[in-house]
1. Would you call A280 of a type in the set (A, V, I, L, M), modelled with pLDDT of 95 or more, crowded, with 24+ Cβ neighbours inside 10 Å and over 25 Å from K456 (Cβ atoms)?
2. Go through (1) closer than 19 Å to G46 by Cα; (2) within 16 Å of the ligand (Cβ to nearest atom) for T232 and report which single condition fails.
3. Among the listed residues A268, A275, which satisfies the condition of being farther than 20 Å from A407 by Cβ, away from the ligand (no atom under 16 Å from the Cβ) and either out of contact with any helix residue (DSSP H, G or I) (no Cβ under 7 Å at 6 or more places or on another chain) or without any contact (Cβ under 8 Å) to a residue 40 or more places away in the chain (or both)?
4. Kindly indicate whether any position in the stretch 10-20 is of a type in the set (S, T, Y) and open to solvent by 70 Å² or more (accessible area, probe 1.4 Å).
5. Based on what the data block shows, is R165 assigned to a helix (DSSP H, G or I), more than 9 Å from the ligand (Cβ to nearest atom) and open to solvent by 10 Å² or more (accessible area, probe 1.4 Å)?
6. Kindly provide the set of residues from the stretch 308-356 that are surrounded by 14 or more Cβ atoms within 10 Å (Cβ to Cβ), under 19 Å from A34 (Cβ atoms) and small (G, A, S), ordered by number.
7. State all residues of the stretch 21-41 that are over 30 Å from R360 (Cα atoms) and either open to solvent by less than 60 Å² (accessible area, probe 1.4 Å) or not charged (D, E, K, R) (or both); if no residue qualifies, say none.
8. Quick one: how many residues across the stretch 67-93 are of a type outside the set (A, V, I, L, M, F, W, C), outside any helix (DSSP H, G or I) and touching a residue at least 24 places away in the same chain (Cβ under 8 Å)?
Amino acid sequence: MLDNRHPLLRETCFIAGSWTGADSGETIDVINPANGQVIGTVPKCGRAETRRAIEAAQDAYLGLRKMTALKRADMLMRLHDLVLEHRDSLAQLLTMEQGKPLSEARGEVTGSAGYVRWFAEEARRVYGDVVPSPIASRRILVIKEPVGVVGAITPWNFPSSMIARKLAPAIAAGCAIVIKPAEFTPYSGLAWGILCEKAGFPAGAVNILTGDSSEIGKELCEHPLVRKITFTGSTRVGKILLQQAAVGVKKVSMELGGNAPFIVFEDADLEKALAGAMAAKFRNAGQTCVCTNRFYVADVIHDQFVERLTALSAAMPVGDGAKEETVVGPLINQAALGKVEELVADAVEKGGRVTTGGKRHALGGTFYEPTVITDARRDMRFTTEEIFGPVAPVYRFSSEDEVIAMANATDFGLAAFVYTADLGRAFRMMEGLKYGLIGINEGVIATPEAPFGGLKQSGLGKEGGHQGIADYLDEKYIAIGGLGV
Ligand code: ADP
C-alpha cells in the first residue's frame, strides 16, 4: 500500500538480494520534518540480520574480485544511468524525509550519479607498480586488491550522496558493502537497493539495512569478515567506531564534524563573497559538515558586510522543501532545533547582537529563522561547537596572522573559505589554514574529481578523487626471486 505512494519508497531491507523485515518484526517510524507526519516505517534490524548481510557480502565479494574491472565499471554506469533516470523521484523522496528544498535534493541526486560515474571510471585505473629491483635476479611487484567486505554508516544530511561516495568506490574496487543509512532518512538509502537490483548487481554485493544503530555498528566493527569501516557523521560516533574497529585492526575512513571559518578580506569582491557566504551558510538549512560556522570579516568592511548579509538572510523564503520556492527548509528534528536555540541563547547572553532572526520560525515545527549574530566572541559556544542550523555568527579581525590563529583554534579541520583578490594573501591563507578543503573565492567546492576529507578531529581518509578508491584497496608487495640475470 505504502509502496504505491512513492515508486522508490521501500519499507523493507535489502539483504543478500532479497527484501526482508527485521527478525523481530519491529519497525521504526520515519517522519517528514516539514510537517511532523509519519511517512512510513522501516525494519528495526539488529546483530543477526547484520551478520547475514555480512556473510552475503562475503560471498558476493568472492565473485566481484574475480569480475573484470571493465564489467564492474559497466555495472556502475548502469547504476549511474538509473540514478539520473529517477532523479526527480529520488529528489522528492529525499526532500520528504530530510526536509531540504527540492532544488538541493535534485542537486544531491545528480551529485550522487557523478560519484558513481567517477568511480566507474576509476575502476579501470587501479594500477600496481613494477619497481626496479636492487638484486638482478629478482623482480619487485606491487599489486592492489579489494579489501573485502566494507561496512558503511551514513548520516541523514546527505542521505543519497554519502552512500554514493562509499558504495561506488567499494564496488569499483571489487569489494561488497553493507550499508546502514541514518534512521531519520532511510528511504533514500533503501532506494539505492532498488536501483542496484535493477542495474543487475549480484545478490549480496550491496546490502542495505536499517535499525538499531549501535547494534548494527558493533556487528560491522567486530565481525572478522568486515575489513573496512567507512563512516560519515559526528565526531562523537566516529570515535566510538574507531575504538570498536581497533579491536580487529580494520581499515577506517571517517568523515566527521566540521567548524568551517569563512574569511572575508577588505580586498575581496563583496558581491561574490556574499553569494558564497549565503551558499556556504544556508545550504540544507545550515545542516552540512562543510557549512560555515564562523564568519571572520575584516574590520574595514565589517559593517557593510553585516548589513548586506542581514538583508539577504532576512529575505530567504523558509518553508516545506517540497515547495519549489523554498530556500530554507526545516531542521531535521526537535533535538537539532533545541541545540540551535541553546547556541543562540548562549551568544546573546554573552553580548552577541542578533541582526535578523534569532528565534523559531512562525511556521512552527522545526523551522528556525535564518539568523545573523554580530559581535561574536571567542567564548561563545559556537566558536568551538558545530551549529548545524541557519545561524551565521560574525567575528571581526584586523590582520592575517590574527585571523589564521582564530580560524585554526578548533579541534576540527574540514572546510575553510577565504575571499580575497590578493594572490599572495590567497597562498598564505591556503598554507596557513589547517583544513582538508579550502575554497578560495568559492563557497561550494565538493566534487567527485577532488579528494574530500578533513584534518584533525574532522576525520581520516578521502572520498572522491583518485584517492577515494585507495581506501578500498589492499596493497601487496611481491618479490620474485631466482629469475637469473
Ligand atoms: P548526526 O549528528 O549527523 O546525527 P551521528 O553521528 O549521530 O550524526 O549519526 C550518523 C550515523 O551514525 C547515523 O547513521 C546513525 O544512526 C549512526 N550512529 C549513531 N550512533 C551510532 C553508534 N553508536 N554506532 C554506530 N552507528 C551509530
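1. Values: of a type in the set (A, V, I, L, M): yes; modelled with pLDDT of 95 or more: yes; crowded, with 24+ Cβ neighbours inside 10 Å: yes; over 25 Å from K456 (Cβ atoms): no.
Judged against the criteria, A280 is not a match.
2. (1)
3. Being farther than 20 Å from A407 by Cβ, away from the ligand (no atom under 16 Å from the Cβ) and either out of contact with any helix residue (DSSP H, G or I) (no Cβ under 7 Å at 6 or more places or on another chain) or without any contact (Cβ under 8 Å) to a residue 40 or more places away in the chain (or both) holds for just one of A268, A275, which is A275.
4. Within the stretch 10-20, the first condition is being of a type in the set (S, T, Y), and the residues that meet it are 12, 18, 20.
In the following step, the residues that additionally are open to solvent by 70 Å² or more (accessible area, probe 1.4 Å) were identified as none.
Checked against the condition, which is being of a type in the set (S, T, Y) and open to solvent by 70 Å² or more (accessible area, probe 1.4 Å), the stretch 10-20 yields no hits at all.
5. On the way: assigned to a helix (DSSP H, G or I): yes; more than 9 Å from the ligand (Cβ to nearest atom): yes; open to solvent by 10 Å² or more (accessible area, probe 1.4 Å): yes.
So R165 fits the description; yes.
6. Once the filter is applied, which keeps residues that are surrounded by 14 or more Cβ atoms within 10 Å (Cβ to Cβ), under 19 Å from A34 (Cβ atoms) and small (G, A, S), the stretch 308-356 yields G319, G321, A322, G329, A336.
7. G21, A22, S24, G25, T27
8. To start, the set of residues in the stretch 67-93 that are of a type outside the set (A, V, I, L, M, F, W, C) comprises 68, 71-72, 74, 78, 80-81, 85-89, 92.
Subsequent filtering for residues that are outside any helix (DSSP H, G or I) retains 68, 86.
Okay, now just the ones that are also touching a residue at least 24 places away in the same chain (Cβ under 8 Å), so 86.
Counting residues in the stretch 67-93 that are of a type outside the set (A, V, I, L, M, F, W, C), outside any helix (DSSP H, G or I) and touching a residue at least 24 places away in the same chain (Cβ under 8 Å) gives 1.
The values are calculated or read from the model by the stated rules, or taken from the named source; none is laboratory data. These numbers come from a predicted model, not from an experiment. Using ideal geometry, Cβ is built from the backbone for each residue, glycine included, and neighbour counts are taken over all protein chains shown. Side chains are part of the model used for accessible areas, which takes the heavy atoms of the whole protein and leaves out ligands, DNA and RNA. Shrake-Rupley method; radii C 1.70, N 1.55, O 1.52, S 1.80 Å.
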